[in-house]
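Take a look at the structure below.
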Amino acid sequence: MKKTAPTIRDVAAAAHVSTATVSKFINGAQRFSPKVEAAIESAIAGLGYKSNPLAKSMITGRTNTIGLSVLDITNPHFSSILKGANRVAHDQGFSVLLVDTEETPSRERRTLEELSRRVDGMIVFSRMREHEMTWMTEIDKPLVFFGSLAQLPLPTVASDDHGGAYMLAQHLRMLGHRRIAYLGFSKSRRDEERLGGIRESLNAAGLELAIFDAEAPSLAEGERLCSAIVLGSQRPDALICYNDLMALGFMKEAANLGISIPQDISVVGFDNIPYGKYTTPALTTVDLQSERMGATAMEKLLAVIRGQHVEKLTKVAPQLILRASTVARRP
């Protein structure tokens, strides 16, 4: 005959306390004397009792689950963010519920509002402009946002996109490049920050910037726009891509067109995704510390849930990663 699982009443009987006492102890609603708590812990261990998470959430109003909304889980940048966030959550007794908005701003609000009803707090990426996101402040759950915000009173974690872009542009200038182009993604707020960093560097040297705009931050878009960039009348001698995926797509198509990288054109990206160091040539990039960003955002959100004060903005410093996709320009 199958043995039935021990119940909270069994624990109470073994510990010689009431079921209400056991319930309050398990759910953290009340502390008891060391003797009582030791008796309950001993009974739980001896019986092999496991609390019902659903019942616990109904009592406490807590799920011990954090929602993480990303823009495209197939992008390794977001996978690394999830890895960092999940590690911190697991260490502190929380699980992570992931949603992917698939680079579609129109579905973000409904997705996040539904997610908020199932979690204790949320970490959010969004393609929406800040003036379109005021509704997020009305969600009755703690929330940490990825990226800089000028007006909304939400705690945020951001990469230093301006600084990282400045590093890339300075590196290309030091290599002697003068005709520099940017393959960007104007639908993203981060695009503005990266453009600002590039222009700050180039303006100091009196250099112009050619700009190409992608429809999505993807391998396919880097591949699609390659011919317009390298076969035009003013081919650049260096290209800064919005992210590594676009850079890798560009490099693949450039090889098909007989363009040599970096001899004909140096190429750089953002994110330092794992694939970048295994391409031929390996990709020069800016490491935005994706995994660290995820861990930092989770630490910040859990602090908010605990009622602790947190700084409004935490910025994560970038690091320039030099590889073989850039070379000094021939005189």
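FYI, it's all coordinate maths here, none of it is from the lab. In this text the structure is predicted, and so the values were computed from the model without any measurement. FYI the Cβ positions are ideal-geometry reconstructions off the backbone, even for glycines, and counts take in every protein chain you see.
Counting pairs of Cα atoms in region 219-313, how many percent are more than 17 Å apart?
That tail contains 56 percent of the Cα-Cα pairs.
Full extension of the chain between Ala282 and His309 gives 5.5 nm of extra length, using 0.36 nm per residue less the Cα-Cα distance.
Taking Cα atoms only, the orientation of helix 189-204 departs from the longest principal axis of the chain by about 40 degrees. Here the contact order of region 87-190, divided by its residue count and restricted to Cα pairs under 8 Å and six or more residues apart, works out to 19 percent.
Pair-distance distribution of region 47-200: all C-alpha pairs, bin width 5 Å, starting at 0; shares per bin in whole percent are 2, 8, 15, 18, 17, 13, 10, 7, 5, 3, 2, 1, 1, 0, 0.
Would region 118-170 count as rounded, prolate or oblate if I go by the C-alpha gyration tensor, calling it rounded below 1.5 in a/c and otherwise prolate when a/b exceeds b/c, oblate otherwise? Since a/c reaches 1.5 and a/b is larger than b/c, the shape of region 118-170 is classed as prolate.
Roughly how many debye, to the nearest 20, is the charge dipole of the chain about its Cα centre, given +1 on each Lys and Arg Cβ, -1 on each Asp and Glu Cβ, and no other charges?
Values: 39 positive and 36 negative charges, 197 e Å.
For the chain, the charge dipole is close to 940 debye.
Just need the relative contact order of region 127-283 here, percent rounded to a whole number, with Cα pairs under 8 Å and 6+ apart. Dividing the mean separation by the residue count of region 127-283 yields 19 percent.
The share of Cα pairs per 10 Å bin across region 164-291, counted from zero up to the longest distance, runs 14, 50, 33, 3, 0 percent. To one decimal place, what Kirkwood hydrodynamic radius in Å is obtained for the chain from all pairs of distinct Cα atoms? Every distinct Cα pair counted, the radius reaches 22.5 Å.
Each Cα pair under 8 Å and six or more residues apart adds its separation to the average, and for the chain the resulting relative contact order is 17 percent.
Angle of helix 290-305 to the longest C-alpha principal axis of the chain, folded into 0 to 90 degrees and rounded to 10: 40°. In angstrom, the C-alpha Rg and Dmax of region 152-191 are 13.7, 43. Most tightly packed first, judged by the mean number of other beta-carbon atoms within 10 Å of their residues, the peptides 106-114, 168-176 read 168-176, 106-114. Sorted on the mean count of surrounding Cβ atoms within 10 Å across their residues, most packed first, peptides 193-200, 37-44 read 193-200, 37-44.
Sorting 289-296, 230-237 by their mean Cβ neighbour count within 10 Å, with the most densely packed peptide first, gives 289-296, 230-237. DSSP assigns beta bridges within the chain; of those with both partners inside it, close to 10 percent run antiparallel.
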